[in-house]
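Asker: Can you keep this structure in mind? I'll have questions shortly.
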Amino acid sequence: MQAVPFLDLRAGYHSLKPEIDAAVARVLDSGWYILGPEVETFEQAFSNYCEAAHCVGVANGLDALILSLRALDIRQGDEVIVPSNTFIATWLAVSAVGAIPVPVEPDPLTYNIDPTKIGSAVSPKTRAIIAVHLYGQPADLDPILAEAKHHQLAVIEDAAQAHGATYNGTRVGAHADLVCWSFYPGKNLGAMGDGGAVTTNRTDLSDRIRTLHNYGSRAKYVNEEQGTNSRLDPIQAAILCVKLEHLDDWTVRRRNLASNYLDNLKGVTLPHVPNWADPVWHLFVIRHHARDILMSKLAEEGISTMIHYPIPPHLQQAYADRGHDKGAFPLAEQFADDVLSLPIGPQMQREAQDKVIEAVNRLASQL
């Protein structure tokens, strides 16, 4: 029985092996292993790709969020509105600067934060909103930005899953004050290790993050504030430059696979795509009332699936001190109980996808 992996990272490397190996060898031969021209080249290329004025490479996606919050001077006791339905990193960044994550439930169709519910979550302590582009589909930014303007709040986009996605025809990358990226290996634009970046049109915030991510220093041994060490590695930057050249082609492949799923899957709840969004399908997430059984039966047939995410942040032990009881955010809890991510990726072959579709249709109807 031919197994269907959830995502084949090794195949992705082998498809670009000569280019990636040459890029790594170039960095090793240069003798420049911290910051330098490889990082600067990637920052320029990625800011251009995102249609943003600035890009600062950092060590990972979580640091991108933390540094963005610090650049906005968000600190102890401040409140930041976050989705109730997201990966916990969104919340952890808020906690890392001493602020309080205030959850808002998702739109039941898109799974992203519901802009109509943000206003009621705003308090005198609220300083910012983090909008997550979950699964690679943009959140509805215009009403979020309008709500933020009304309440004089900053907006951060968590675009860790949305490389190349567009909102109302414009690439994600500079709609809000700051846009945070992860280059974790499984992302649509993934490094071969950790990596992250922040893009923005605001020079003041770009300069602040560039200072904060390098020990609070712009000139060697001159430390303007208490910064940290969160620098994008030059080897990863060189690899990302190679992969960035292929990102649009990979996105087309993902979109074709997603279209095939949407046209042919039956017996499950399918993703909803609003007319203002052009997602990049980092994940293809279905829902089914007997998700765990369906997942188990697919595994028996050699089909790997994943759950993003099985426990919502408010029910994690890490946030037990916030006092959010089960039932506090019912939509996030419902999604955690019945979402299932199917295999999708640029290296996936149509025969493998046909096997997934046949199995899901057959098994879902039996449960």
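The values are calculated or read from the model by the stated rules, or taken from the named source; none is laboratory data. None of these values were measured; they are calculated from a predicted model. Virtual Cβ from ideal backbone geometry, glycine too; neighbours counted across all protein chains shown. Accessible surface is based on the protein model in full, side chains and every heavy atom, while ligands, DNA and RNA are left aside. Shrake-Rupley method; radii C 1.70, N 1.55, O 1.52, S 1.80 Å.
Asker: If a residue counts only when it is in contact with a Lys or Arg (Cβ under 7 Å, 6 or more places away or on another chain) and open to solvent by 10 Å² or more (accessible area, probe 1.4 Å), which helices (runs of 4 or more DSSP H) contained entirely in region 248-367 have at least 1 such residues?
Answerer: In region 248-367, 330-338, 350-364 are the helices (runs of 4 or more DSSP H) which contain 1 or more residues that are in contact with a Lys or Arg (Cβ under 7 Å, 6 or more places away or on another chain) and open to solvent by 10 Å² or more (accessible area, probe 1.4 Å).
Asker: Could you grab the pairs with beta carbons closer than 9 Å, sequence gap of 6+ or different chains, first residue in region 216-242 and within 18 Å of ALA96 (Cα to Cα) and hydroxyl-bearing (Ser, Thr, Tyr), second one open to solvent by 60 Å² or more (accessible area, probe 1.4 Å) and in a loop (DSSP other than H, G, I, E, B)?
Answerer: Listed pairs, sorted by first residue: THR228/TYR215.
Asker: Something else: Need the failing condition index for THR90 against (1) surrounded by fewer than 21 Cβ atoms within 10 Å (Cβ to Cβ); (2) touching a residue at least 24 places away in the same chain (Cβ under 8 Å), just the number.
Answerer: With (1) surrounded by fewer than 21 Cβ atoms within 10 Å (Cβ to Cβ); (2) touching a residue at least 24 places away in the same chain (Cβ under 8 Å) applied to THR90, the lone miss is (1).
Asker: For region 263-313: of the residues being among the polar types (S, T, N, Q) and under 25 Å from the mean Cα position of the chain (by Cα), which is farthest from SER84 (Cα to Cα)?
Answerer: Step by step, filter region 263-313, then rank; the result is SER304.
Asker: Filtering region 22-81 down to residues that are within 18 Å of the chain's Cα centre (by Cα) and farther than 18 Å from ASP177 by Cα, which residue is surrounded by the fewest Cβ atoms within 10 Å (Cβ to Cβ)?
Answerer: Ranking the qualifying residues of region 22-81, first place goes to ALA59.
Asker: Out of region 189-206, which residues are aliphatic (A, V, I, L, M) and buried (at least 22 other Cβ atoms within 10 Å of the Cβ)?
Answerer: LEU189, ALA191, ALA197, VAL198
Asker: Now, a different point. Quick one: LEU141 ticks every box in (1) among the hydrophobic types (A, V, I, L, M, F, W, C); (2) without any contact (Cβ under 8 Å) to a residue 40 or more places away in the chain; (3) open to solvent by 10 Å² or more (accessible area, probe 1.4 Å) bar one, so which box is it?
Answerer: (3)
Asker: Only one of ILE88, ILE129, ILE100, ILE113 is in contact with a Leu (Cβ under 7 Å, 6 or more places away or on another chain) and of a type outside the set (Gly, Ala, Ser). Can you tell me which?
Answerer: Only one candidate passes the filter, namely ILE129.
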